[in-house]
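What follows is calculated from the coordinates using simple rules that are stated; it is not laboratory data. Being a predicted model, the structure only gives us computed values, none of them experimental. Neighbour counts run over all protein chains shown; Cβ positions are idealised from the backbone, glycine included.
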């Protein structure tokens, strides 16, 4: 095994770095701090806007302990509200998604009715006190931004700038037609692990050969336990080598992330050849989403905590409308591959979580290939400081 001198010109770590403390992954107090300072303060991705196109379409979500819902009003504006009636706090939307039958939101408990803009329209009381004013009891709003077809929300009273949540080190997806795509499939999974464990898994490939043999066959550089060419201290010796194990990208003959490596006929015409050849790019907005771009489809992976040791991911596969209408469209050839990989990641993350409960685990140590895990840890520490 090579010992680094500290003079290598590569992207990896050159010194020992401690991980976050073990308690960060299960302690209730730590979790409450993260909810308040990360998830209740910054922008969070919830869904692609194509799932909320029609007037009166709604979706409800849980962020930590907070329920919210989104609804498209009659003039096309997407609005967000806390899922809590101003009367005595009952939830309003019980279903995960649907379409309202009328132009109002009605509480299932005492039947207070609200307009799609959140205004209180009516109560069911026989009489109202003289100092009762409906204008004083609108639904509590949630800030909503639609960015290139992606729906973000912020629970803070004064939201920060959305673009500040975008990882400056992640790939650019300007040439991908994100706003023109439609959701072709959605998959959800609850994992018994802290939300940070999943993000750490995403940020390194040391685990890839033993956890993802099929993925490593498709992306040969992953067999070397690195994510990109410059993760190798000796990358300069191989920078002209066309072998995918050194240059990155997909195996020879493969075109996209799918079970058989083939791409859809309706690929994205806006991509450069270099973008097509990369096989995959990743756009990241912490703490809630990464977006994978391939030559023929895109995939969003939303990450939200449901407890200190439980995380829900929701994955959307996005396609061109004409692709979804093709009679020869094989959805499973694409979705089954990613679901297999994410199931593998979920099992590894759950094993990791169980070990973090050890009385002897105070903190761990990062290896040179885990520079992106360090960057993630630095972001967590800075956001909580």
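One table, with the values for the structure above:
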{"quantity": "Where labels lie 7 Å past Cα in the beta-carbon direction, separation of residue 77 and residue 333 in nm", "calculated": "4.5 nm"}
{"quantity": "Sites residue 136 and residue 188, calculated FRET efficiency, Cβ-Cβ separation with R0 51 Å, nearest 0.05", "calculated": "0.85"}
{"quantity": "With Cα atoms, 0 to 90° folded angle of helix 371-384 axis to the chain main axis", "calculated": "30 degrees"}
{"quantity": "Two-decimal Rg/Rh across region 240-385, once Rg and the Kirkwood Rh are taken from alpha-carbon atoms", "calculated": "1.02"}
{"quantity": "Most fluctuating residue given options 222, 361, 282, as computed from a GNM of the chain linking Cα atoms under 10 Å", "calculated": "361"}
{"quantity": "Exposure proxy order (Cβ contacts within 10 Å, fewest to most) of 312, 369", "calculated": "312, 369"}
{"quantity": "The chain: calculated mean residue ellipticity at 222 nm from DSSP helix runs of at least 4, using -39500 (n - 2.57)", "calculated": "-5500 deg cm²/dmol"}
{"quantity": "Overall Cα dimensions of the chain, principal axis frame, Å, largest first", "calculated": "82, 56, 32"}
{"quantity": "Computed over region 143-295, the ratio Rg/Rh where both radii use C-alpha atoms and Rh is Kirkwood", "calculated": "0.98"}
{"quantity": "Residue 237 versus residue 110: modelled label distance in nm, points set 7 Å from Cα along the beta carbon direction", "calculated": "7.5 nm"}
{"quantity": "Expected-Rg normalisation [2.2 N^0.38 Å, Cα atoms] applied to region 43-159", "calculated": "1.06"}
{"quantity": "Within a Gaussian network of the chain (alpha carbon springs, distance under 10 Å), most fluctuating of 190, 223, 276", "calculated": "190"}
{"quantity": "Exposure proxy order (Cβ contacts within 10 Å, fewest to most) of 205, 193, 216", "calculated": "216, 205, 193"}
{"quantity": "Span from the region 65-116 Cα centroid across to the region 186-203 one, whole angstrom", "calculated": "29 Å"}
{"quantity": "Neighbour-count ranking [beta-carbon atoms within 10 angstrom, fewest first] of 26, 257", "calculated": "26, 257"}
{"quantity": "Sorted peptide list for 41-48, 119-126, 338-345, criterion being average Cβ within 10 angstrom, highest first", "calculated": "41-48, 338-345, 119-126"}
{"quantity": "Theoretical gain in end-to-end length, residue 170 to residue 357 [0.36 nm per residue, Cα-Cα removed]", "calculated": "64.2 nm"}
{"quantity": "Label-point separation in nm, residue 66 to residue 13, each point 7 Å along Cα→Cβ", "calculated": "3.2 nm"}
